[in-house]
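The values are calculated or read from the model by the stated rules, or taken from the named source; none is laboratory data. Given the structure is predicted, the values throughout are model-derived calculations rather than measurements. Positions of Cβ are backbone-derived with ideal geometry, glycine not excepted, and every protein chain shown enters the neighbour counts. Ligands, DNA and RNA are excluded from the accessible area calculation, which covers all protein heavy atoms including side chains. Shrake-Rupley method; radii C 1.70, N 1.55, O 1.52, S 1.80 Å.
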Amino acid sequence: MDFKSKPRDRIAIAGGGIAGLACAKALLNRGAAVTVYEAGAAGQGALWASGGMLAGGFECAEANASPAFAELARRGMALWSDWAEDLGAARIGYRVGGVISPASDGAGLDWLDVLAERAGQLDIPYRRLRRLPERVRARAAIEFPADGELDNRLLGPCLAACVREAGGHILECRNVTALATDGDRVRVETHEASHDFDAVILATGVAGQVLQPAEPALSAIWPVKGQMLSLEGEGERLAFCLRARNAYVSQKPDGRLVIGATSEPGKYDTDTDDTVIEALRRNAEHWLPGLGDLKLTGSWAGIRPGTPDNLPILGPGALPGVYLALGLYRNGVLLAPAVGELMADAILSGTALPADFGAARFFQR
């Protein structure tokens, strides 16, 4: 009897940022053959410029998240322990030290009450602190003890290496210029060549507008600029991440204290404004006065892929065999493991993706 093994599913991913690499990792773990097309360098872009937050509790409470988003964030947080083991927690600066949200005036105390109420409704672990950490200057604070963080600039190269080691192909400086169906295959075109695949995932962030003729959902992706800075943190050790209403502070393994971030919808430029950077620093120093003596070591801006309702777009695209992993906004690192598993389930097993995140909420097809 002639037993023939089932051919490996050939999957292309347009976009080598956190969403695309997460999808590649999940698909490779299930035996698919994966090719990632990245217009620049894999693991750079929005990921490189981000804060590396794993703050599912804070984010869901602060944004008044829907149950569907809260469940996606919860799954992302749960999967991060496996990812940290796969990638090496120390190699990516992964830690679960909790998030502390402080308040110092009436409006801030009201904000803490709202956070607590929403956290309770969504079954998010939190606690009101009776005693504040020594370095925090505030009247009150809430802690989200299950939240964490990592070093996003370590994560990008490490995740790209993981994909390559698992047999994935990453084609850098290779922009996908067009998509088309060819029978039961999807044709991916670049300036250099065209290839056919069983399925394609669009994870292009704000850089995929050239593909709008094939995928109208890309018109719902818009840029949200974020300016940030870092301080030299030698000798400083922050055991938690601070998330206030007007700034966050996160310490990375090399000692850098990263402070962010503005939210500037509709801006594609990555220029920084000294006045804005100084305001961010003052906001952070209000909560952590010890930062005032530290040296500024850098400032930068990144472009987050947003959507009109700030929720991701996950699910089938307009063309058969095309899937969407778009618009992760400011939660790309947090959601990445869950998005990767959901996309792998959809492509390889036919599992339906959550309807709350479908592109149909923006477009009639």
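Data overview
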| item | result |
| --- | --- |
| Selected from 52, 29, 83, residue furthest toward positive end of dipole (segment 1-83; charges at beta carbon) | 29 |
| Carbon and sulfur %, accessible surface of segment 104-236 computed with the full protein complex present, 1.4 Å | 45 |
| Rounded to whole Å, sorted largest first: equivalent-ellipsoid semi-axes of segment 154-216, Cα gyration tensor | 23, 15, 11 |
| Loop sites in segment 260-365: GluC sites (Glu not before Pro), DSSP, at most 16 other Cβ within 10 Å | none |
| Rounded to the nearest 20 debye, dipole of the chain from Cβ charges on Lys, Arg, Asp, Glu | 460 |
| DSSP-defined antiparallel bridges as percent of all bridges, the chain, nearest 5 | 70 |
| The chain, Cα convex hull volume normalised per residue, Å³ | 147 |
| Alpha carbon centroid spacing (whole Å) that separates segment 1-74 from segment 298-360 | 8 |
| Residues of segment 206-365: accessible area per residue with a 1.4 Å probe, Å² | 41 |
| For segment 126-280, with +1 on Lys and Arg beta carbons and -1 on Asp and Glu, the positive-most of 197, 231, 156 along the dipole | 231 |
| Mean Kyte hydropathy of -1.0 or more with a Cα span along the axis of at least 18 Å, helices from DSSP in the chain | 67-87, 106-121, 152-165, 274-287, 332-349 |
| Residue with peak Gaussian network fluctuation, the chain [Cα springs, cutoff 10 Å], from 26, 116, 279 | 279 |
| Candidates per GluC sites (Glu not before Pro) in segment 195-240, loop by DSSP, up to 16 other Cβ within 10 Å | 232, 234 |
| Within a Gaussian network of the chain (alpha carbon springs, distance under 10 Å), most fluctuating of 103, 19, 193 | 193 |
| Top of 249, 186, 339 by mean-square fluctuation, Gaussian network on the chain, Cα under 10 Å | 186 |
| Exposed-loop-free span, longest in the chain, where chymotrypsin sites (Phe, Trp or Tyr not before Pro) count as exposed if DSSP calls them loop and at most 10 other C-beta atoms lie within 10 Å | 4-267 |
| In segment 93-176, the GluC sites (Glu not before Pro) that fall in loop regions by DSSP, at most 16 other Cβ within 10 Å | 134 |
| Rounded accessible area of residue 194 (nearest 10 Å², 1.4 Å probe) | 60 |
